[in-house]
Amino acid sequence: MDENNIISKIEACIMDGDSDMIEQTIRIGLEQGIKPDEIVNMALLQGMSKMGRLFRDNEVYVPDVILAADAMRTGLDMLKPMLSKAHSTLNRKIVIGTVQNDLHDLGKTIISCSFTAAGFDVVDLGVDVSSKRFLHALEKEKPCILALSCTLSFTLSDLKDVVEELNKTPNRSNVKVLVGGLSVTQRFADSIGADAYSLNAEQGVIAALRLMQELEKKAN
């Protein structure tokens, strides 16, 4: 099986939500010399992006997306140690989560995978995360970036609450806030004092790298 076929098969495992087969196929790919970041970018992210578009167009349903996300996490769990070793970093840790009262996971899962592929150490708090949990994670993990996801318009106030609570802490200047999600706009991000806004996973990675560099310059 050549590299293109393996990549296509891994992507198909995402689309089918096949967590068992994805392990076997990734193992074969690694044995044949495919790089971990290539598997992430060319197969895992591509598969989840396609599922996202299908879900948006009502061609697949929530259970299908959940199975696809589970398969992607299985693959990412296998590759994460190798991705981490491939990048020498100072502080590249990101804490990410979907804000309180919002149970949407797809966009956050895709961008989390993108962050990991870019060499960040990602701590994913999941969905429906309270301000208190975010602040506790910041104190424990000491990341360079807090990434907040918000899909529902009525949870924009919860997103704002997280930033306001963070602003009250003495360590606000040590962490950058990146926000995104279906209901978030650049204007809203500016209004709550977020450090950056991203429309999609690609922009999110670019923004995260820029924010990390800003913090490193400040520290030097």
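The values are calculated or read from the model by the stated rules, or taken from the named source; none is laboratory data. Computed from a predicted structure; not experimentally measured. Glycine also receives a Cβ, built like all others from the backbone with ideal geometry; neighbour counts cover every protein chain displayed.
Structure notes:
- When residues in the range 201-220 are screened for being in contact (Cβ under 8 Å) with a residue 24 or more places away in the chain, over 24 Å from Asn167 (Cβ atoms) and not hydrophobic (A, V, I, L, M, F, W, C), 1 of them pass.
- Within the range 189-201, one or more residues are surrounded by fewer than 17 Cβ atoms within 10 Å (Cβ to Cβ) and at pLDDT below 95.
- Neighbours by Cβ (under 8 Å, 6+ apart or cross-chain): first from the range 16-27, crowded, with 17+ Cβ neighbours inside 10 Å; second not hydrophobic (A, V, I, L, M, F, W, C): Gly17/Asp64; Gly17/Asp70; Ser19/Asp70; Ser19/Thr74; Ile22/Thr74; Ile22/Gly75; Thr25/Lys9; Ile26/Gly75
- Selection over the range 151-192 of residues that are over 14 Å from Leu211 (Cβ atoms) and either of a type outside the set (D, E, K, R) or in contact (Cβ under 8 Å) with a residue 12 or more places away in the chain (or both) gives a count of 29.
- Residue check for Glu38: crowded, with 19+ Cβ neighbours inside 10 Å, outside the structural domain of Arg210 (by TED's automatic domain parsing) and of a type in the set (Asp, Glu): no
- Restricting the range 33-75 to residues that are of a type in the set (Asp, Glu) and not in a helix (DSSP H, G or I) leaves a set whose member that is modelled with the lowest pLDDT is Asp57.
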